[in-house]
Every structure is written in C-alpha cells, then in structure tokens.
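Trainee: Let me give you the structure first, and then I'll get to my questions.
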Amino acid sequence: MTQFYGKTKICYGKYALDTLEELPCTRAFVVTDPFMVKSGFADQITSHLERRNVPHQIFSDVEPDPSLDTVKRGTIEFVKSRSDLIVTLGGGSAIDTAKAIAYFARKAAPDMPKPLLAAIPTTSGTGSEVTAISVVTDKEHGVKIPLNDEMLLPDVAILDARFTRTVPPSVTAATGMDVLTHAIEAYTSRDHNAFTRILAVQAIRYVFSFLMQAYQNMENMEAREMMLLGSCMAGMAFNNSGLGITHSMAHALGGQFHVPHGVANAVLLPHVIRFNSFDAGVRYRELARIIGLPHANVEEGTAGLIAAVNGMNEAMGIPTRIRDLKIEESAFRAALDSMAAHAIGDMCTATNPRRPSPADLRQLLEEAW
C-alpha cells in the first residue's frame with residue numbers, strides 16, 4: 001500500500017500571523033534564537049499572544065546545529081512552565097529544537113498533555129515546519145542525530161516571507177540549495193509516490209525560477225515568498241518519501257566539521273546524482289526536461305542536471321569542493337571511515353535509489369574533496 005500523510009495546517013500570505021490569536025491555549029512557550037529576540041522579530045510573536053492575554057515564556061538559547069544539551073535545558077524549562085502551546089520562530093535549528101523539546105517532554109512527563117506546536121520558519125530551506133524529523137547534535141561525539149517520529153510533526157505552520165527579508169545572501173543561497181536537495185532526493189527516493197512527485201517538482205521549479213532572484217535582491221518579496229512555499233512543499237514531499245545519501249553524508253560531514261547543512265548538501269549533491277544515475281537516471285532526465293535542460297537521453301539529462309547544480313553553486317559563491325570549506329585535509333582523511341560509518345547508518349540512506357556500501361560513501365566523500 002502507498003500512502004501520503006500530512007497533518008500540519010499551513011497558513012501563508014497576508015495576515016498569516018493572526019493565526020496565533022486563534023490557537024487554543026492557556027500558556028505559551030516560545031522557542032527561538034538570540035538574533036530573533038535582539039532583532040525584535042520575537043516581539044511580533046509575543047504581541048499576538050498578549051492581544052489574547054496568553055502568558056508566555058521565551059527560551060532563546062538555540063544555537064546553530066542545536067545540541068542535546070540545549071534540548072535538555074529547553075525540555076526542563078518547558079515542563080516547568082506547564083505550557084500547552086509551543087511557538088517556535090527561526091530557521092531549522094530553532095524549529096528542530098522546539099520539536100525535540102515537545103518530544104522529550106512527553107517522554108519525561110507522560111502525564112503532561114501533548115502541547116500544540118506552531119512553527120514559523122525564518123529561512124527558506126529545511127521544511128522542518130511540516131516534517132516529522134528533528135536533527136540534534138551530539139557535540140561530544142561529533143554526530144548529528146536525526147529523530148523521526150509522528151509526534152514531531154508541527155500542528156500549524158505559519159509562512160510569512162517578511163521574516164526571511166533579513167536573511168543574508170550567503171544563507172539564502174545555502175538554504176535554497178537545501179530546498180533543491182530535499183526536492184531532488186524526494187523525487188528520486190525509493191518511496192516516492194504520486195503526491196510526493198507533484199510537490200517535489202513544484203519545489204524544484206520554484207528554486208530554479210526564484211532562488212537567484214532572492215539571492216541577488218533581498219527585497220524581492222515575491223521571490224522570497226515562492227522560496228518559502230517551495231521549502232514547505234519539499235518538506236511535505238520528503239516527509240513522506242524519505243531522502244537519500246546526500247543528506248546522510250551531509251549529516252556526517254556537518255557533525256564532524258560543523259559545515260552548515262545547506263552548504264554540505266550543495267557540495268555533495270552533484271556527486272550523488274552521478275553515483276545514483278544508473279538507478280535514477282530516468283528520473284534525473286525527467287527533471288532536466290521539466291526545468292528546460294537538454295535531455296535527449298539519460299546521460300545528457302543527468303549531465304545537464306549536474307551542470308545546473310554546479311552552476312548555481314558557483315553563481316552564489318558556494319564552494320564546489322569539500323577542500324574549500326576550511327577543513328584540514330589530514331583531519332578530513334582521518335575522519336573518512338567514521339563519516340562513512342555514520343552515513344551508512346543514517347535513516348536517509350534507506351530510501352536512496354541506489355544501495356551504497358560504506359566503501360561507496362567513503363569514495364564519494366573522497367571524490368568531493
């Protein structure tokens with residue numbers, strides 16, 4: 001049986017933030033990062049809560065690649081607060097932290113009612129606002145740990161492109177390539193279906209139509225809104241289809257060397273497309289046709305897609321090799337076996353169209369060096 005699941009209510013466009021005043025709750029716990037507080041963006045959230053006289057507490061300790069320690073501290077504070085609504089504002093790190101807090105709170109205090117979870121993304125990249133996945137980092141062992149459970153699915157996603165307006169070009173580029181990787185891997189996944197294909201294709205179209213516009217002009221709100229929608233669509237797609245080894249290796253590389261996730265995906269994606277082409281070449285050719293690239297045969301379509309990804313990376317200043325990510329070669333080579341081992345055990349590997357071995361993943365990392 002094939003199935004598609006999506007429980008998250010998606011609110012977008014003008015006045016989407018007003019949704020906060022409609023959510024049933026008695027107390028709110030706001031999860032965000034220091035910049036959102038300093039910039040005043042968090043005030044946009046709390047003002048809506050205050051209009052309804054909803055008491056609230058802000059947890060703003062979220063860092064990039066949120067650690068297990070941060071999640072633990074947030075969980076303790078949330079349980080103490082006895083809140084029945086979690087509102088999270090930020091990029092994937094903030095949203096993943098909030099989801100993990102809600103998840104572990106249920107484990108630590110099973111008598112506590114399940115909180116309503118509302119996610120407001122401020123970057124167009126992770127799609128975390130509509131997925132049952134949260135990635136936290138074990139910084140002691142240098143490993144990213146993906147959690148996957150339906151309990152992690154937000155109840156409400158609020159998409160307001162105004163929150164993405166201050167995202168700098170470099171982050172717009174990296175998060176945009178994360179969207180593209182999500183969509184391509186969802187489209188070629190072993191578990192793709194009719195619904196995930198539709199969502200993935202539209203997300204890919206949005207990326208190729210609007211990412212460069214958003215990168216070149218921070219004030220282009222149409223481009224930013226389309227990228228935000230594309231990110232959400234790609235998230236809905238991969239939440240049902242799974243991903244692939246681009247993500248598996250990016251998790252390993254990021255956990256070991258603290259490479260931003262979108263950058264790691266962007267660097268690795270062309271190599272993974274080439275590796276998967278024997279099994280997924282027909283689908284890569286379909287994507288080449290959809291976005292207007294040469295596609296006379298599988299080889300031409302695959303080569304065109306790889307060139308398009310590399311071209312977009314170069315145009316936005318994203319390195320095309322791991323060696324250009326300020327990683328020492330000796331440290332990289334010393335970590336190769338460990339990264340390959342972590343990647344082969346990553347949950348994203350199971351839905352990759354081609355079954356890799358640890359040696360395959362090690363070789364791919366070496367090729368990307």
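The values are calculated or read from the model by the stated rules, or taken from the named source; none is laboratory data. If you're wondering where the values come from, they're calculated on a predicted model, not measured in any experiment. All Cβ positions, even for glycine, are placed from backbone atoms using ideal geometry, and neighbour counts span all protein chains on display. These accessible areas exclude ligands, DNA and RNA; they are computed on the full protein's heavy atoms, side chains included. Shrake-Rupley method; radii C 1.70, N 1.55, O 1.52, S 1.80 Å.
The rows are residues; the columns are (1) under 30 Å from A105 (Cβ atoms); (2) open to solvent by less than 10 Å² (accessible area, probe 1.4 Å); (3) more than 16 Å from the chain's Cα centre (by Cα).
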position: E140; (1), (2), (3): yes, no, yes
position: A157; (1), (2), (3): yes, yes, no
position: E222; (1), (2), (3): no, no, yes
position: E225; (1), (2), (3): no, no, yes
position: G230; (1), (2), (3): no, yes, no
position: A237; (1), (2), (3): yes, yes, no
position: N240; (1), (2), (3): yes, no, no
position: T246; (1), (2), (3): no, yes, no
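Trainee: Filter the stretch 6-46 for residues that are among the acidic types (D, E) and without any contact (Cβ under 8 Å) to a residue 12 or more places away in the chain; which is surrounded by the fewest Cβ atoms within 10 Å (Cβ to Cβ)?
Mentor: My answer is E22.
Trainee: Just to be sure I understand, how many residues within the stretch 47-74 are open to solvent by less than 30 Å² (accessible area, probe 1.4 Å) and closer than 21 Å to V167 by Cα?
Mentor: Residues flagged as open to solvent by less than 30 Å² (accessible area, probe 1.4 Å) and closer than 21 Å to V167 by Cα within the stretch 47-74 amount to 2.
Trainee: Further question on the same structure: Condition (residue is part of a loop (DSSP other than H, G, I, E, B), of a type in the set (G, A, S) and free of Cβ contacts under 8 Å to residues at least 40 places away in the same chain) applied to the stretch 290-298: is it met by at least one residue?
Mentor: The answer is yes, given that some residue of the stretch 290-298 is part of a loop (DSSP other than H, G, I, E, B), of a type in the set (G, A, S) and free of Cβ contacts under 8 Å to residues at least 40 places away in the same chain.
Trainee: What pairs can you find where one residue is in the stretch 342-365 and closer than 20 Å to T196 by Cβ, the other is open to solvent by 40 Å² or more (accessible area, probe 1.4 Å) and among the polar types (S, T, N, Q), and their Cβ atoms are less than 7 Å apart, with a gap of 6+ or different chains?
Mentor: M347/N148
Trainee: Given the stretch 1-110, what helices (runs of 4 or more DSSP H) lie entirely inside it while holding 1 or more residues that are closer than 24 Å to E140 by Cα?
Mentor: 34-38, 68-81, 92-108
Trainee: Go through (1) more than 21 Å from G242 (Cα to Cα); (2) crowded, with 21+ Cβ neighbours inside 10 Å for C348 and report which single condition fails.
Mentor: With respect to (1) more than 21 Å from G242 (Cα to Cα); (2) crowded, with 21+ Cβ neighbours inside 10 Å, C348 is out only on (1).
Trainee: If I go through the stretch 326-338 residue by residue, how many of them are open to solvent by 30 Å² or more (accessible area, probe 1.4 Å) and either hydrophobic (A, V, I, L, M, F, W, C) or in a loop (DSSP other than H, G, I, E, B) (or both)?
Mentor: 4
One line per residue, one yes/no per condition, for (1) farther than 25 Å from R162 by Cβ; (2) part of a helix (DSSP H, G or I); (3) not β-branched (V, I, T):
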{"residue": "D191", "(1), (2), (3)": "yes, no, yes"}
{"residue": "S209", "(1), (2), (3)": "no, yes, yes"}
{"residue": "Q213", "(1), (2), (3)": "no, yes, yes"}
{"residue": "L228", "(1), (2), (3)": "no, yes, yes"}
{"residue": "F238", "(1), (2), (3)": "yes, yes, yes"}
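Trainee: For the stretch 255-263, state whether one or more residues are buried (at least 24 other Cβ atoms within 10 Å of the Cβ), of a type in the set (S, T, N, Q) and over 12 Å from the mean Cα position of the chain (by Cα).
Mentor: No - not one qualifying residue is present in the stretch 255-263.
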